[in-house]
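Undergrad: Here you go, one structure.
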Amino acid sequence: MSDSSAPQAPPLVAIIMGSRSDWETMQGAADTLTSLQLPFEVEVVSAHRTPDKLFAYADAAEERGLRVIIAGAGGAAHLPGMMAAKTLLPVLGVPVQSKTLNGMDSLLSIVQMPAGIPVGTLAIGAAGAVNAALLAAAILAGNDPALRERLRDFREQQSNRVLAGPDPRLP
Ligand code: RP5
């Protein structure tokens with residue numbers, strides 16, 4: 001049974017997204033960080049609809065102890081780039097699969113940063129969200145041997161699952 005009065009570790013990773021509608025995609029990042037026992041926070045921060053909140057969030061992020069920001073957005077996806085412009089923390093961008101252009105708009109908006117302000121861009125959609133969390137963990141694992149071991153376990157379990165089911169005709 002979990003103890004709800006137990007102190008929570010302060011978040012090291014932020015998962016932000018442009019809209020509540022991005023959560024279905026970004027939940028993969030949250031689930032992955034949970035499985036790696038990496039404390040995180042989740043927040044909707046829109047570059048277009050709440051630009052002042054974006055600036056305030058970026059200004060406070062490092063001081064609050066955040067170490068990596070995962071930013072998911074779709075369409076004219078300015079959130080990761082604007083966040084990267086306002087903080088020195090590494091920003092990992094997840095292009096959310098849009099309905100009209102299937103996420104190509106999101107991908108190109110996030111990946112094509114001009115030289116000087118990097119955004120580490122992941123794949124479109126669910127795979128990108130999971131991989132953003134794994135990349136955040138890999139970044140933080142450099143200074144955290146226990147996290148590094150959890151990441152190693154994750155890889156090992158993944159390999160074992162594939163090796164345990166080599167015949168695709170069998171369940
Ligand atoms: C972007 O616009 C969001 O990241 C979202 O992917 C997209 C659509 O937002 P909603 O209209 O669903 O709120 O800013």
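Undergrad: Using square roots of five times the C-alpha gyration tensor eigenvalues, list the equivalent-ellipsoid semi-axes of the chain in whole Å, biggest first.
TA: 27, 22, 15
Undergrad: What base-10 log of the normalised intensity I(q)/I(0) is obtained for the stretch 123-168 from the Debye formula, alpha carbons as equal point scatterers, at q = 0.15, 0.17, 0.33 Å⁻¹?
TA: Calculated log10 I(q)/I(0) at the listed q: -0.49, -0.60, -1.03.
Undergrad: So how strong a dipole does the stretch 13-163 carry about its Cα centre when Lys and Arg Cβ are +1 and Asp and Glu Cβ are -1, to the nearest 20 debye?
TA: 200
Undergrad: Could you tell me the relative contact order of the chain? Use alpha-carbon pairs under 8 Å, at least six residues apart, and round to a whole percent.
TA: 21
Undergrad: Here's something else I'd like to know. What share of all Cα pairs of the stretch 5-55, in percent, falls into each consecutive 10 Å distance bin?
TA: Histogram of Cα-Cα distances, whole percents per bin: 24, 45, 27, 4.
Undergrad: From the helices alone, meaning DSSP H stretches of at least four residues, give me the mean residue ellipticity at 222 nm for the chain, per-run term -39500 (n - 2.57), in deg cm²/dmol to the nearest 500.
TA: Result for the chain: -14000 deg cm²/dmol, rounded to the nearest 500.
Undergrad: What are the membrane-span-like helices in the chain by this rule: whole DSSP H runs, Cα extent along the axis at least 20 Å, mean Kyte-Doolittle hydropathy at least -1.0?
TA: Flagged H segments are 126-141.
Laboratory data are not the source of any read-out in this text; all were calculated from the coordinates shown. Note that this is a predicted model, so its numbers are computed, not measured. Positions of Cβ are generated from backbone atoms using ideal geometry, with glycine treated the same way; all protein chains shown enter the neighbour counts.
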